[in-house]
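Below you'll find the structure, written out as structure tokens, and then a few comments.
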Amino acid sequence: MHLLKLFAFNNSEEYAREVQAVLTRHFQTLLDAEADRLWDEGILNQEKLDEIRQEDLHSK
């Protein structure tokens, strides 16, 4: 709801791109932290990454 209220305040394309960039950076930071945790715990490694690279993730 808060995001919808923000867009009601300023609904320009430039503002939308700015909000998108902020959200993208935020979620990328969370993703990086989780990937680092999985790597440090040995759950994720190069072998697993290679397996994922070969999968068709769109078919799941």
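Annotation: amide H-H contacts under 5 Å for L44 (H modelled 1.01 Å from N, sequence separation of 5 or more, or interchain): W39. Whole number in Å², please: accessible area per residue of the chain, 1.4 Å probe, ligands, DNA and RNA not counted. On a per-residue basis, the chain sits at 94 Å².
Of the GluC sites (Glu not before Pro) in the chain, the ones in a loop by DSSP (not H, G, I, E or B) with at most 14 other beta carbons within 10 Å are E41, E55.
Each eigenvalue of the Cα gyration tensor of the chain, multiplied by 5 and square-rooted, gives one semi-axis; in descending order these are 35, 15, 9 Å. Using only the alpha-carbon atoms, how far is helix 13-40 inclined from the longest principal axis of the chain? Give it as 0 to 90 degrees, nearest 10. With both axes taken from Cα atoms, the answer is about 20 degrees.
Surface composition of the chain: carbon and sulfur make up 57 percent of the accessible area, probe 1.4 Å.
The values are calculated or read from the model by the stated rules, or taken from the named source; none is laboratory data. These numbers come from a predicted model, not from an experiment. Using ideal geometry, Cβ is built from the backbone for each residue, glycine included, and neighbour counts are taken over all protein chains shown. Surface accessibility is based on the protein's heavy atoms, side chains included, excluding ligands, DNA and RNA. Shrake-Rupley method; radii C 1.70, N 1.55, O 1.52, S 1.80 Å.
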